[in-house]
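As structure tokens, the structure follows; a few thoughts come after it.
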Amino acid sequence: MVWGQLLIDKGFNVNQADGMGQTPLTAACNGGNKKIVQLLIDKGCNVNQVDGMRQTPLTAACEGGNENIVQLLIDKGCNVNQVDGMRQTPLTAACEGGNEKNIVQLLINKDGNLLNQVDERDRKENIVQEIIDKGCNVNQVDGMRQTPLTAACEGGNEKIVQLLIDKGFNVNKVDGMGQTPLTAACKGGNENIVQLLIDKGCNVNHADGMGQTPLTAACWSGNEKIVQLLIDKGCNVNQADVMGQTPLTVACEGGNEKIVQLL
């Protein structure tokens, strides 16, 4: 704190990035020192500046889980919906950091937008539940072209998948790559999610933008039980993708003898 005050008193530009592209304010938010954050803001730091590391001060504070700094930045007028260089909002950052409800609630109270990313990282079910309860559009495609359900399916999070379905998610809605939740689940290799989606009416033969079907995805992931489940549900075992590959050629390339035998 003393050294920071001294540098500022000597005329240091408080908005100047270092050699790694990080600004003093983002660095202080990452470090979790509220007094330094307060000092920098008082000296004119831009609370919405995206640094060379593509972070904003608020996303940095949210990732670090520092509620006091988050509150300070909000009080100072930072944009709670600002997307950083990674297409991440503060609310997304808070969820990815595995934070409990306090930070999420702060952002929601300020109309924070999730960008509807519910992905394979360390999100907690109670955070997702709270965001949905605040009116989040569960069917929206995000900046990475994923829907919440395709992301959760690929990540293998059964509770979040069930939660999204219970909230009315269309289980046959494709994401920006033409992928259905079922194909994503087959990639992720979670049999319970695959079974749930099929029970909810997922199309077992839908091909994505690359012509990949749930069966092809399951063959790539090497999950014999999912392959058997899809076959039992009547999927087309001969359907080729845009490269002309069939589930059998994929299984042969992967060297999975049991799947080859099933096909």
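Data overview
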item	result
Checklist (1) surrounded by fewer than 22 Cβ atoms within 10 Å (Cβ to Cβ); (2) closer than 17 Å to LEU197 by Cβ applied to THR249, failing item	(2)
Candidate set: region 216-245, residues that are without any contact (Cβ under 8 Å) to a residue 24 or more places away in the chain and of a type outside the set (Asp, Glu); chosen: the one surrounded by the fewest Cβ atoms within 10 Å (Cβ to Cβ)	GLY244
GLY143, sole failed condition from (1) in a helix (DSSP H, G or I); (2) at pLDDT below 80; (3) of a type in the set (Gly, Ala, Ser)	(1)
Enumerated helices (runs of 4 or more DSSP H) restricted to region 166-263, each holding at least 2 residues that are under 28 Å from the mean Cα position of the chain (by Cα)	181-188, 191-199, 214-221, 224-232
Output for region 179-228, where each listed residue is aliphatic (A, V, I, L, M) and in contact with a helix residue (DSSP H, G or I) (Cβ under 6 Å, 6 or more places away or on another chain)	LEU182, ALA184, ALA185, ILE193, VAL194, LEU197, VAL204, LEU215, ALA217, ALA218, ILE226, VAL227
Subset of region 18-35 (residues that are under 14 Å from VAL70 (Cα atoms) and surrounded by fewer than 21 Cβ atoms within 10 Å (Cβ to Cβ))	ASN30, GLY31, GLY32, ASN33, LYS34, LYS35
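The values are calculated or read from the model by the stated rules, or taken from the named source; none is laboratory data. Just so you know, these numbers come straight off a predicted model, no measurement behind them. Backbone-built Cβ (ideal geometry, glycine too); neighbour counts: all protein chains shown.
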